[in-house]
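**Q** Submitted below is the structure of interest, expressed as structure tokens.
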Amino acid sequence: MSSGSYIVGGIFLWIFGNTFLQFYNSFHSPRCPQGSSISTCYRPLFELDEDVDVFVYLTSKSSVEWWTPSGVQELREVLFLNASVKYGREMGAIPVTVPLSHEKLRGVRRNESTLFAHCYLVRSGARLADDISALAIHNVPKDGPRAGIISDNVLHTSAQLTKRLPQVRKARRNLLSNATRADANGSKGEADDDDRTEKDEPPVIVNVPFTSWAISVYPDAALVWASSSLVLSTFLQPTIYYAVLRHCVLTLLMPWLLQ
């Protein structure tokens, strides 16, 4: 091997090693040295097996100021879970019911909003309202306390439980016209056939130029394939053939499918 190959290989190894070291320093959490102050080291907010009260509230709003007294008062309208557990231990099975019939959560049932859960871990013996009120006198960032730490007694976290489902466009049936058509034809089966024909999108028959062939084209499926080929061709080596193909797809085929 030439000296140039050794130099390139050395540069590659240096870049790889430097990147690996940066990732390691970013995610590695070293142990706290003995004799260091508590403020310089990360530590759990609660001790193992310590009694902790769990409060879980539900809401359909994505932005709730959970660190303010007004925000907590709003969340308390829909209580989902209130239990006392041992910190660091698994919780047993607790039967719960999601109150979707509540006035504040009706939008979730109608697929108009999503469902969010806000969980507070409160040290046993402390009161959530007192720590929230004490926090209100301090300068808190606009998006809430860092890492959800309200005080030495309260920890907060939140999660999105559901998501809005896409609105599906369904074919509508005109029962009056179907009944009239059935009476005119004297057969219910013919009306069902007509209704089935209206729901199913028929293909477009296209005659191939200069031949006697005829092919069936489904516009929706063909539009997906045309868009995919247009995107994938951007990663190919640019040539005159691919340029002509992309131009024909973009200016002729896709406008015809969209009409």
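**Q** So which residues in region 91-118 are surrounded by 14 or more Cβ atoms within 10 Å (Cβ to Cβ), farther than 21 Å from residue 156 by Cα and either in contact with a strand residue (DSSP E or B) (Cβ under 6 Å, 6 or more places away or on another chain) or among the small types (Gly, Ala, Ser) (or both)?
**A** Selection gives 107, 113.
**Q** Could you check region 80-104 and list, in sequence order, the residues that are of a type in the set (Asp, Glu) and within 28 Å of residue 45 (Cβ to Cβ)?
**A** Within region 80-104, the first condition is being of a type in the set (Asp, Glu), and the residues that meet it are 90, 103.
Selection gives 90 alone.
**Q** Taking the criterion of being among the β-branched types (Val, Ile, Thr), at pLDDT below 90, open to solvent by 50 Å² or more (accessible area, probe 1.4 Å) and assigned to a loop (DSSP other than H, G, I, E, B), would at least one residue in region 132-141 satisfy it? Full working, then the answer.
**A** Just the residues of region 132-141 that are among the β-branched types (Val, Ile, Thr), to begin with: 132, 137, 140.
Checking the rest, the ones that are also at pLDDT below 90 come to 137, 140.
From the residues that got through so far, the ones that are open to solvent by 50 Å² or more (accessible area, probe 1.4 Å) too are 137.
From what is left, the residues that are assigned to a loop (DSSP other than H, G, I, E, B) are 137.
Yes, region 132-141 has at least one match.
**Q** To continue, here is another question. How many residues are β-branched (Val, Ile, Thr) and assigned to a strand (DSSP E or B) when one looks only at region 46-77?
**A** 4
**Q** Could you check region 78-90 and list, in sequence order, the residues that are open to solvent by less than 90 Å² (accessible area, probe 1.4 Å) and either β-branched (Val, Ile, Thr) or in a loop (DSSP other than H, G, I, E, B) (or both)?
**A** Listed by number, the residues that qualify are 78, 85, 87, 88.
**Q** Something else: Keeping to region 57-77, report how many residues are touching a residue at least 24 places away in the same chain (Cβ under 8 Å) and open to solvent by 20 Å² or more (accessible area, probe 1.4 Å).
**A** Applying the first criterion (touching a residue at least 24 places away in the same chain (Cβ under 8 Å)) to region 57-77 yields 57-62, 64-69, 72, 75, 77.
Applying the additional criterion that residues be open to solvent by 20 Å² or more (accessible area, probe 1.4 Å) yields 60-62, 65-69, 77.
Count: 9.
**Q** Right, next: Assess whether residue 128 counts as being closer than 16 Å to residue 46 by Cα, over 21 Å from the mean Cα position of the chain (by Cα) and of a type outside the set (Gly, Ala, Ser).
**A** Numbers: closer than 16 Å to residue 46 by Cα: yes; over 21 Å from the mean Cα position of the chain (by Cα): yes; of a type outside the set (Gly, Ala, Ser): yes.
Here the answer is yes, as residue 128 does meet what is asked.
**Q** Can you work out which of the residues in region 152-165 that are open to solvent by 30 Å² or more (accessible area, probe 1.4 Å) and more than 25 Å from the chain's Cα centre (by Cα) is nearest to residue 52 (Cα to Cα)? Before the answer, list the steps.
**A** Within region 152-165, the first condition is being open to solvent by 30 Å² or more (accessible area, probe 1.4 Å), and the residues that meet it are 152-153, 155, 157-165.
Okay, now just the ones that are also more than 25 Å from the chain's Cα centre (by Cα), so 152-153.
On the way: 152: 12, 153: 9 Å.
Here the residue is 153.
The values are calculated or read from the model by the stated rules, or taken from the named source; none is laboratory data. Note that the structure is a prediction, hence the values are computed from the model and not measured. Every residue, glycine among them, receives a Cβ derived from its backbone with ideal geometry; neighbour counts consider all protein chains shown. Accessible surface areas use protein heavy atoms only, side chains included; no ligands, DNA or RNA. Shrake-Rupley method; radii C 1.70, N 1.55, O 1.52, S 1.80 Å.
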